[in-house]
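What follows is a single structure, written as structure tokens, with notes after it.
The values are calculated or read from the model by the stated rules, or taken from the named source; none is laboratory data. It should be emphasised that the depicted structure is a prediction, and the values quoted were computed from it without experimental measurement. Cβ: placed from backbone, ideal geometry, glycine included. Neighbour counts: every protein chain shown.
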Ligand SMILES: [Ca+2]
């Protein structure tokens, strides 16, 4: 048994293509993730402080003594056990995801509680003990630990073993402005992620017409996503753009933005079959007409 597991482990590590063909891509990644977790468990330290355990670095053929070399760490900062994003369809009809993880629409003066996690690829990993992020807000925005008082300083947040971390954010009411919120590894100052803060005001929500779109998987054996087509009537009011928000289809579930723009129809993709995202249940959507803040001042004629 154990020898079989080890031989399979070696195959996972050495001969990826052959296993892809035999197992299919999803099972291949699950298997790979399970071996990666085993090595993380055996060597959980982080000698070079880059945020990736020595075991995982060895598994991936990286250098656990060089903080400049490690598998990429990204931040999934909008999720509730699922993530969803807008998609457009290429000529062949294949949905292509647009990562909507790079903006945060925020109403100035409102405290926003953010729940996020560090991630490496599509699988679930443990992160080293003591891993911390430095979150630096733009001039117009303040960040703080959950429930604490705001101040303009950058924030150091601890990252749990499963990658999760939390913080609160507020855009200034007096001087709302766009700017980048930057996430760094606190130990090495490596920039891991940036997100643009977009100050907005919100109008009454519009409930979209939602259609399920069932497409064959893009890769045989790979059922990684579900799709919805959303369409809605353009509101009669004046607005700059619409914000599309998604939530689990249960009472009280938190809403978060999955796309923003000037469209009146959109395909939204829910990423599933990703071990780090446990919720594959039904979603609900809403469309919010928004104005960008501060409003562009129109020249007064009088
Ligand atoms: Ca490391």
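Things to note:
- The set of residues in the range 66-80 that are modelled with pLDDT under 95, within 9 Å of the ligand (Cβ to nearest atom) and surrounded by fewer than 16 Cβ atoms within 10 Å (Cβ to Cβ) contains only 69.
- Hits in the range 29-42 - residues which are free of Cβ contacts under 8 Å to residues at least 60 places away in the same chain and more than 16 Å from the ligand (Cβ to nearest atom): 31, 34, 35, 38
- Test for residue 270: is it in a loop (DSSP other than H, G, I, E, B) and either modelled with pLDDT under 80 or not assigned by TED's automatic domain parsing to the domain that holds residue 37 (or both): no
- All strands (runs of 3 or more DSSP E) inside the range 118-229 with 2 or more residues being over 17 Å from the mean Cα position of the chain (by Cα) and modelled with pLDDT under 90: 209-213
- Hits in the range 43-65 (condition: buried (at least 22 other Cβ atoms within 10 Å of the Cβ), near the ligand (Cβ under 6 Å from one of its atoms) and part of a loop (DSSP other than H, G, I, E, B)): 46, 50, 52
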